[in-house]
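Enquirer: Can you keep this structure in mind? I'll have questions shortly.
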Amino acid sequence: MNYKPLLGKNALVFGVANKWSIAWAVAKTWHEAGANLIVGYQGERLKKSVEALLSELPPSPPSLAFPCDVSNEQEIKSFFSQAVKHFPKIDLLLHSIAFAPKEALEKNFYETTREDFIKTFEISVYSFIALAREAKALFRDGGSILTLSYYGSEKVILNYKIMGPAKSALESSVRYLAYEFGKDQIRVNALSPGPINTLAARGISGFTKFLKECEAKSPLKRNVEAKEVASVALFLASDESRAITGQTIYVDCGYSILGF
């Protein structure tokens, strides 16, 4: 990429797990566009994977990684205390974190336990608020915060279960944060991609069949690719989208417009 729309921008990325992650596609695209990166990862299990991915990037602009278990308030604060040593201010933040206990995705929705409900919302929704709160003071010149949602937030998707209400809450959080952060010129938006064959998505029962159905039914007759989601994330990170905030933007080859 010869044109560097994010040159000199500092970006925090949360949710990179492996090379198939949408978060990784976004991180690579932002880096290619000139952004300096710090990636937050969960625990030693993901440390090697994330560091190996970052080693594949060109050395300039710089890219770093620090642990950040979003279920631990102290670790969130520790991450930001380390990040600020390298980035005195930030311009971009990507939240691509979601989790539901396996049992909650295997049972009927009405059988969701209190514990599984709380855990799902803590990791999938509250973490977004917590990261945005810690990051707010570092957005000295405004900037862009992004999260990832899914169509199951507003329509029933077979086997998506507790994640549907969680994504609904996530999208509502986007609107409230956009309102409260707007006076500081911090934009907050969500991307809602169609199904992508990531490791996390394959944990949902019947995903492969759903992937084929979406390809057959979507207006473009194909499924979206992670790099296409990353392209929209690049637009929302750039000054070209400076008047867009509080929105959930579908990147799903048109599947969400259908009424059948």
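The values are calculated or read from the model by the stated rules, or taken from the named source; none is laboratory data. Note that the structure is predicted; figures quoted are calculated from it, not measured. Positions of Cβ are generated from backbone atoms using ideal geometry, with glycine treated the same way; all protein chains shown enter the neighbour counts. To get the accessible areas, we keep the full protein, side chains included, count just its heavy atoms, and leave off ligands, DNA and RNA. Shrake-Rupley method; radii C 1.70, N 1.55, O 1.52, S 1.80 Å.
Enquirer: Within segment 71-88, can one find any residue that is in contact with a Lys or Arg (Cβ under 9 Å, 6 or more places away or on another chain) and in contact (Cβ under 8 Å) with a residue 60 or more places away in the chain?
Expert: No, the conditions are met nowhere in segment 71-88.
Enquirer: Take the residues in segment 1-40 that are open to solvent by less than 10 Å² (accessible area, probe 1.4 Å) and aromatic (Phe, Trp, Tyr); name whichever of them is nearest to residue 70 (Cα to Cα).
Expert: 14
Enquirer: I'm checking my understanding of the structure. Among residues of segment 96-129 that are hydrophobic (A, V, I, L, M, F, W, C) and in a loop (DSSP other than H, G, I, E, B), which one is nearest to the chain's Cα centre (by Cα)?
Expert: Looking only at segment 96-129, we keep the residues that are hydrophobic (A, V, I, L, M, F, W, C), and these are 97-100, 104-105, 109, 117-118, 121, 123, 125, 128-129.
Restricting the remaining residues to those that are in a loop (DSSP other than H, G, I, E, B) gives 97-100.
Values: 97: 6, 98: 8, 99: 12, 100: 16 Å.
My answer is 97.
Enquirer: Follow-up. Output the number of the condition that residue 97 fails; it satisfies all remaining conditions of (1) open to solvent by 20 Å² or more (accessible area, probe 1.4 Å); (2) in contact with a Phe, Trp or Tyr (Cβ under 8 Å, 6 or more places away or on another chain); (3) more than 25 Å from residue 208 (Cα to Cα); (4) not charged (D, E, K, R).
Expert: All conditions pass for residue 97, except number (3).
Enquirer: Answer yes if at least one residue in segment 131-154 is of a type in the set (D, E, K, R), open to solvent by 10 Å² or more (accessible area, probe 1.4 Å), free of Cβ contacts under 8 Å to residues at least 24 places away in the same chain and in a loop (DSSP other than H, G, I, E, B), and no otherwise.
Expert: So in segment 131-154, the residues of a type in the set (D, E, K, R) come out as 133-134, 136, 140-141, 154.
Imposing the further condition that a residue be open to solvent by 10 Å² or more (accessible area, probe 1.4 Å) reduces the set to 133-134, 136, 140-141, 154.
Keeping just the survivors that are free of Cβ contacts under 8 Å to residues at least 24 places away in the same chain gives 133, 154.
Keeping just the survivors that are in a loop (DSSP other than H, G, I, E, B) gives 154.
Looking through segment 131-154, at least one residue is of a type in the set (D, E, K, R), open to solvent by 10 Å² or more (accessible area, probe 1.4 Å), free of Cβ contacts under 8 Å to residues at least 24 places away in the same chain and in a loop (DSSP other than H, G, I, E, B).
Enquirer: Does segment 131-152 contain at least one residue that is more than 20 Å from residue 237 (Cα to Cα) and of a type in the set (D, E, K, R)?
Expert: Within segment 131-152, none of the residues are more than 20 Å from residue 237 (Cα to Cα) and of a type in the set (D, E, K, R).
Enquirer: Which number in (1) among the small types (Gly, Ala, Ser); (2) in contact with a helix residue (DSSP H, G or I) (Cβ under 9 Å, 6 or more places away or on another chain); (3) open to solvent by 50 Å² or more (accessible area, probe 1.4 Å) marks the one condition that residue 60 misses?
Expert: For residue 60, the exception is condition (2).
Enquirer: Considering only residues that are in a helix (DSSP H, G or I) and among the basic types (Lys, Arg), look in segment 155-179 and name the one that is nearest to the chain's Cα centre (by Cα).
Expert: Kept after step one, since they are in a helix (DSSP H, G or I), are these residues of segment 155-179: 163-179.
After this cut, where a residue has to be among the basic types (Lys, Arg) as well, the list is 167, 175.
Values: 167: 12, 175: 16 Å.
Result: 167.
Enquirer: Being exposed (fewer than 13 other Cβ atoms within 10 Å of the Cβ), within 23 Å of residue 145 (Cα to Cα) and of a type outside the set (A, V, I, L, M, F, W, C) is the requirement here; does residue 74 meet it? Spell out how you get there, then give the answer.
Expert: Working: exposed (fewer than 13 other Cβ atoms within 10 Å of the Cβ): yes; within 23 Å of residue 145 (Cα to Cα): yes; of a type outside the set (A, V, I, L, M, F, W, C): yes.
In short, yes.
Enquirer: Still on this structure, I have one more. State the number of residues belonging to segment 181-231 that are free of Cβ contacts under 8 Å to residues at least 60 places away in the same chain and of a type in the set (A, V, I, L, M).
Expert: 8
Enquirer: Looking only at segment 50-83, which residues are in a helix (DSSP H, G or I) and touching a Leu at 6+ places or on another chain (Cβ under 8 Å)? Write out each step before concluding.
Expert: Narrowing segment 50-83 to residues in a helix (DSSP H, G or I): 50-55, 73-83.
Result: 54, 76, 80, 83.
Enquirer: When only residues in segment 180-200 that are of a type outside the set (D, E, K, R) and part of a strand (DSSP E or B) count, which is farthest from residue 224 (Cα to Cα)?
Expert: Filtering segment 180-200 down to residues of a type outside the set (D, E, K, R) leaves 181-182, 185-186, 188-200.
Going one step further and asking which of them are part of a strand (DSSP E or B), we end up with 186, 188-193.
Values: 186: 28, 188: 23, 189: 19, 190: 16, 191: 12, 192: 11, 193: 7 Å.
Step by step, filter segment 180-200, then rank; the result is 186.
Enquirer: Counting only residues that are charged (D, E, K, R), more than 19 Å from residue 98 (Cβ to Cβ) and assigned to a loop (DSSP other than H, G, I, E, B), which one in segment 201-260 is most open to solvent (accessible area, probe 1.4 Å)?
Expert: Initially, segment 201-260 is screened for residues charged (D, E, K, R), giving 202, 209, 212-213, 215, 217, 221-222, 225, 227-228, 239-240, 242, 252.
Those still in the list that are more than 19 Å from residue 98 (Cβ to Cβ) too: 209, 212-213, 215, 217, 221-222, 225, 227-228, 239-240, 242.
Checking the rest, the ones that are also assigned to a loop (DSSP other than H, G, I, E, B) come to 221-222, 225, 242.
Working: 221: 120, 222: 90, 225: 86, 242: 166 Å².
Looking at residues that are charged (D, E, K, R), more than 19 Å from residue 98 (Cβ to Cβ) and assigned to a loop (DSSP other than H, G, I, E, B), I get 242.
Enquirer: Continuing with this model, one more query. Tell me the residue from 149, 78 that is modelled with pLDDT of 95 or more, farther than 25 Å from residue 48 by Cα and out of contact with any Gly (no Cβ under 7 Å at 6 or more places or on another chain), please. So that I can check it myself, show each step before the final result.
Expert: Values: 78 fails: farther than 25 Å from residue 48 by Cα.
One residue alone meets the criteria, 149.
Enquirer: Looking only at residues in segment 167-180 that are of a type outside the set (Ser, Thr, Tyr) and out of contact with any Gly (no Cβ under 9 Å at 6 or more places or on another chain), which one is surrounded by the most Cβ atoms within 10 Å (Cβ to Cβ)?
Expert: Keep residues of segment 167-180 that are of a type outside the set (Ser, Thr, Tyr), which gives 167, 169-171, 174-175, 177-178, 180.
When the remaining residues are screened for being out of contact with any Gly (no Cβ under 9 Å at 6 or more places or on another chain), the result is 169-171, 180.
Values: 169: 18, 170: 27, 171: 20, 180: 13.
Within segment 167-180, the match that is surrounded by the most Cβ atoms within 10 Å (Cβ to Cβ) is 170.
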